[in-house]
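Okay, so here's the structure we're looking at.
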Amino acid sequence: MGLKIRRDDEVVVIAGKDRGKTGKVLKVDPAKERVTVEGINIVKRHQRPLPNAPQVEAGVIEREGPIHISNVQLLDPKTKKGTRVGVVREDGKRNRVARGSGTKFD
């Protein structure tokens, strides 16, 4: 299954505790259908100090957690709102287009 959201895309969260927030996609996991978005779903992890790696921070670390891909929508560059994505083939290439305005993402 090909995903319509890729790394470095601007997305808006449509469900969950961060609904309405926007951010850039940092990582996509197609096998689990999850995306990691910059500044969204901040989780706290406890890190103990490692003697071999002093550059690793110890203590409570906040970082982005993954969210399901169905809870985000691509941000339409024309309207700056969330939109569904369609795929159009032109010259043997697959191009992603916004369903609402018809603008191309690629």
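Numbers below:
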quantity	calculated
Those residues of segment 19-35 which are more than 12 Å from ASN71 (Cβ to Cβ) and in a strand (DSSP E or B), in sequence order	THR22, GLY23, LYS24, VAL25, LEU26, LYS27, VAL28, ASP29
Hits in segment 1-18 (condition: acidic (Asp, Glu), surrounded by 10 or more Cβ atoms within 10 Å (Cβ to Cβ) and assigned to a loop (DSSP other than H, G, I, E, B))	ASP9, ASP18
Matching entry among ASP29, ASP76 (being within 18 Å of the chain's Cα centre (by Cα) and more than 18 Å from ARG96 (Cα to Cα))	ASP29
Which numbered condition ARG45 fails, given (1) in contact with a strand residue (DSSP E or B) (Cβ under 7 Å, 6 or more places away or on another chain); (2) surrounded by 12 or more Cβ atoms within 10 Å (Cβ to Cβ)	(2)
Residues (in a strand (DSSP E or B), surrounded by 14 or more Cβ atoms within 10 Å (Cβ to Cβ) and in contact with a Lys or Arg (Cβ under 8 Å, 6 or more places away or on another chain)) located in segment 53-101	PRO66, ILE67, GLN73, LEU74, LEU75, THR83, VAL85, ARG96, VAL97, ALA98
Inter-residue pairs, beta-carbon under 8 Å, first acidic (Asp, Glu) and in segment 88-106, second at pLDDT 85 or above, 6+ apart	ASP106/ASN95; ASP106/ARG96
Residues (of a type outside the set (A, V, I, L, M) and at pLDDT 90 or above) located in segment 60-78	GLU62, ARG63, GLU64, GLY65, PRO66, HIS68, SER70, ASN71, GLN73, ASP76
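The values are calculated or read from the model by the stated rules, or taken from the named source; none is laboratory data. Quantities reported herein were computed from a predicted structural model and do not represent experimental measurements. With ideal geometry, Cβ positions are generated from the backbone for all residues, glycine too; neighbour counts draw on all protein chains shown.
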